[in-house]
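One structure below.
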2 protein chains.
Amino acid sequence: MSDLLERLRGRGWRMTAQRRVVAEVLDGEHVHLTADEVFTRASAKLPEISRATVYNALGELVSLGEVLEVATDDRAKRYDPNAHRPHHHLLCSRCGTIRDVHPLGDPLADLPATERFGFTVSDVEVTYRGLCPDCASA
Amino acid sequence: MSDLLERLRGRGWRMTAQRRVVAEVLDGEHVHLTADEVFTRASAKLPEISRATVYNALGELVSLGEVLEVATDDRAKRYDPNAHRPHHHLLCSRCGTIRDVHPLGDPLADLPATERFGFTVSDVEVTYRGLCPDCASA
DNA sequence: GTATTGACTTGGACTTAGTCCATCGTAGGA
DNA sequence: TCCTACGATGGACTAAGTCCAAGTCAATAC
């Protein structure tokens, strides 16, 4: 049994069969799925599940901070289940593959007060872009 | 007359009335417009312009490297005309405002070879997230 | 164990952002 | 000025996501 399901139950998230399969799909994968891919995998485990329910569940997991929403250049957002460990992303500009990476240093510290324009800055998102080994050799 | 139009002409970009207004709209603005906003502003100058033409022109400006495409959490991509000076973005998570910022240091240097997984890394995109002064005080 | 109830799910219609394509128009070279 | 290949048009189409009214069910109370 996964940490994620435990945590969600502990936080009072009403557990249903649908929510369970969505959480399981994300928990089992270390890649970054689109909503549609989550739906496909969830359907395999629970054929009656509806697309709207998957979107609802993903939205809630994001609000709860258990899953991160990643906007790429593709049209579809991707969902990153690794929200509990801060990390950044390495994105292949050809095939769209995403990998988690852990750079040195804290980019938040690199933004001096004079460059904050009065914003209350709470978070940074860093995306490295390039070609993955497969696409670079092709 | 703008630098941008000169540069485009110099690069052999066939100039039409439509392409001119799209370039002018981007050149005149220091904010980051969506394709739809570009279309609205372009229509004000040239009412017959078509949506498809705006998308075509934006796509070409991006391929030419004259304009940057920025994926935010909103559904619509935004277009950043400030492509010639490297910079990052400061995004208000409530109202969606984007500002250009210039942090210290080079985030590319912060990604050690062991964290590159064989990728040929060519670019980094950094987005700071927080609340702008207006939204923070509201 | 059963009843209750408000939260969750459903699926289909709808919206938004963007793409495609056949046809027409025109910028720029000869 | 004429040609022609490249660009523009607009309407149909697709992809991704949202909304909603009606039905279902998990968790609490009894």
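Just so you know, all these numbers are worked out from the coordinates, no wet-lab data involved. For clarity, every value in this text was computed on a predicted model and none was experimentally measured. No Cβ is skipped: glycine too gets one built from the backbone with ideal geometry, and neighbour counts run over all protein chains shown.
Each stretch of four or more DSSP H residues adds -39500 (n - 2.57); spread over every residue of chain A, this sum gives -10500 deg cm²/dmol at 222 nm.
3J(HN,Hα) along segment B:77-91, derived from phi through the Karplus expression 6.51 cos²θ - 1.76 cosθ + 1.60 where θ = phi - 60°, amounts to 5, 10, 10, 10, x, 8, 6, 7, 10, x, 7, 10, 10, 10, 10 Hz, with x in place of Gly and Pro. Considering only beta bridges that DSSP places wholly inside the protein assembly as shown, some 80 percent are antiparallel. If only the Cβ of Lys and Arg carry +1 and only the Cβ of Asp and Glu carry -1, the dipole of segment B:88-137 around its Cα centre is close to 200 debye. Ordering A:V124, A:A76, B:A52 by Cα displacement along the dipole of the protein assembly as shown toward the positive end leaves B:A52 in first place; charges were set at the Cβ atoms of Lys, Arg (+1) and Asp, Glu (-1).
Here's how it looks for B:N82: its modeled amide H is under 5 Å from those of B:L68, which are all 5 or more places away or on a different chain. Distances between copies at A:P112, taken between label points 7 Å from Cα along the C-beta direction, are 2.9 nm in increasing order. The mean number of partner chain beta-carbon atoms within 10 angstrom of a residue's beta-carbon across peptide A:93-103 is 3.
Taking the Cα centre of segment B:3-80 as reference, the dipole from Cβ charges on Lys and Arg (+1) and Asp and Glu (-1) amounts to some 340 debye.
In this simple spin-label model, placing a label point 7 Å from the Cα along the Cα-to-Cβ direction at both A:R9 and B:V31 gives a separation of 4.9 nm.
Which residue, B:S43, B:S122, B:S93, has the most motion in a Gaussian network model of chain B that connects Cα atoms within less than 10 Å? Between B:S43, B:S122, B:S93, it is B:S122 that shows the largest mean-square fluctuation. Ordering A:34-42, B:102-110 by mean Cβ neighbour count within 10 Å, with the highest value first, yields A:34-42, B:102-110.
The largest-to-smallest principal axis extents of the Cα set in the protein assembly as shown are 65, 52, 42 Å. Taking every DSSP bridge with both residues inside segment B:88-137, close to 50 percent are antiparallel.
Helix A:51-63 and the longest principal axis of the Cα set of chain A meet at an angle near 50°.
Roughly what % of DSSP beta bridges within segment B:1-133 run antiparallel, to the nearest 5? Here the share of antiparallel DSSP bridges comes out near 70 percent. Label-to-label distances for A:R51 across copies, nearest first, come out at 1.9 nm, using points 7 Å from Cα in the beta-carbon direction. The angle between the Cα long axis of helix A:17-28 and the longest principal axis of the Cα atoms of chain A comes to about 40 degrees, rounded to the nearest 10. Quick one: grab the alpha carbon gyration tensor of segment A:1-105, order the square roots of its eigenvalues as a ≥ b ≥ c, and give me rounded if a/c is under 1.5, else prolate or oblate depending on whether a/b is larger than b/c. It is oblate, given that a/c is not under 1.5 and a/b is not larger than b/c. Placing a label point 7 Å from Cα along the Cα-to-Cβ direction at A:H30 gives distances to the equivalent points in the other copies of 4.6 nm, listed shortest first. Overall, chain A carries a charge dipole of about 400 debye about its Cα centre when +1 sits on the Cβ of Lys and Arg and -1 on the Cβ of Asp and Glu, all other atoms neutral.
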